[in-house]
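S.K.: Starting off with a structure, shown below.
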Amino acid sequence: MIDFRDPQKPVVTPVDAEFHGYNLCVVNTGGSHADLTPDYAACTSEMKSIATFFGKGFLGEVSENEFYSSLSSMRHLGDRALLRGIHFFSDNERVLKQVEALENGNISSFLELVIESGRSSFAYLQNVYSPQNPQEQGLTLALALSERILAGCGAWRVHGGGFAGTILAFVPHDKKETYREKMNEVFGEGCCHYLNVSKNGGRQLTTDTRKVSAD
């Protein structure tokens with residue numbers, strides 16, 4: 001868990017998590033990021049406009065109560081900006097609940113929160129497809145298919161900055177091949193990338209660190 005309240009000194013809290021029974025899968029839905037710079041910039045500028053309304057530099061410096069009590073006074077900033085602010089505050093709270101669920105080994109609760117966070121991204125942050133090109137919705141399609149395959153037994157959400165590219169899915173072991181096959185049918189062979197996350201976290205791989213054990 002990383003707290004970016006001070007961007008120069010982010011607070012990193014390790015979370016010991018085991019996703020027993022599940023595979024982490026990143027699905028590449030295709031689509032180009034080439035023309036998406038205005039979409040990414042709008043997310044930042046719109047939330048920044050809320051911070052500026054309160055005389056702050058960042059939305060994280062604004063209290064949630066202040067935000068909600070001032071909604072009617074901020075409509076001139078645009079309703080999408082307010083929706084993105086709602087996502088910001090709710091997802092920050094959701095992260096704390098996710099960490100608690102992982103620390104308690106409550107994977108089912110964690111997965112429910114992953115889905116909830118993804119739906120908030122779709123409805124409020126609105127970063128699943130570009131309003132410049134509503135006919136291209138690879139992420140939306142991948143999420144819809146994932147819900148059809150994994151509902152009640154897994155989780156799915158947009159991954160990364162959104163608008164195009166990848167989704168993240170938590171796939172039960174017994175649905176691993178089915179999920180891969182269904183996604184390949186729509187997005188092409190090799191679109192599914194199943195991952196293993198090292199307990200050591202991110203690190204640079206060298207010849208020494210890539211030695212293979214015979215065990």
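S.K.: Can you list the residues of segment 105-130 with backbone N under 17 Å from a point 7 Å past the Cα of residue 13, pointing along Cα to Cβ?
M.R.: What the label zone holds, given the 17 Å backbone N cut-off, is 105-106, 110.
S.K.: Here is a further query. Ranked highest first by average number of other Cβ atoms within 10 Å, how do 142-151, 17-26 line up?
M.R.: Peptide ranking by packing, descending: 142-151, 17-26.
S.K.: Please list 125-134, 37-46, 162-171 highest first by mean number of surrounding beta-carbon atoms within 10 Å per residue.
M.R.: Descending mean neighbour count gives 162-171, 125-134, 37-46.
S.K.: Between residue 140 and residue 20, what FRET efficiency follows from the Cβ-Cβ distance if R0 is 30 Å, with the result rounded to 0.05?
M.R.: 0.50
S.K.: Separate question: When we measure straight from the Cα of residue 176, which lysines land under 26 angstrom away, once same-chain ones fewer than 8 places off are left out?
M.R.: List returned: 199.
S.K.: Another question, then. Restricting the calculation to Cα positions, tell me the Rg (one decimal) and the Dmax (whole number) of the chain in Å.
M.R.: 19.1, 65
S.K.: Given Cα pairs under 8 Å that are at least 6 residues apart, what percent is the relative contact order of segment 18-195?
M.R.: Result for segment 18-195 is 36 percent.
S.K.: Please give the charge dipole size of the chain, origin at the Cα centre, charges +1 on K and R Cβ atoms and -1 on D and E Cβ atoms. Round to the nearest 20 debye.
M.R.: 220 debye
Here, each number is a calculation from the coordinates, and none is a lab measurement. Only a predicted model underlies this, so the values are computations on that prediction, with no experimental measurement involved. With ideal geometry, Cβ positions are generated from the backbone for all residues, glycine too; neighbour counts draw on all protein chains shown.
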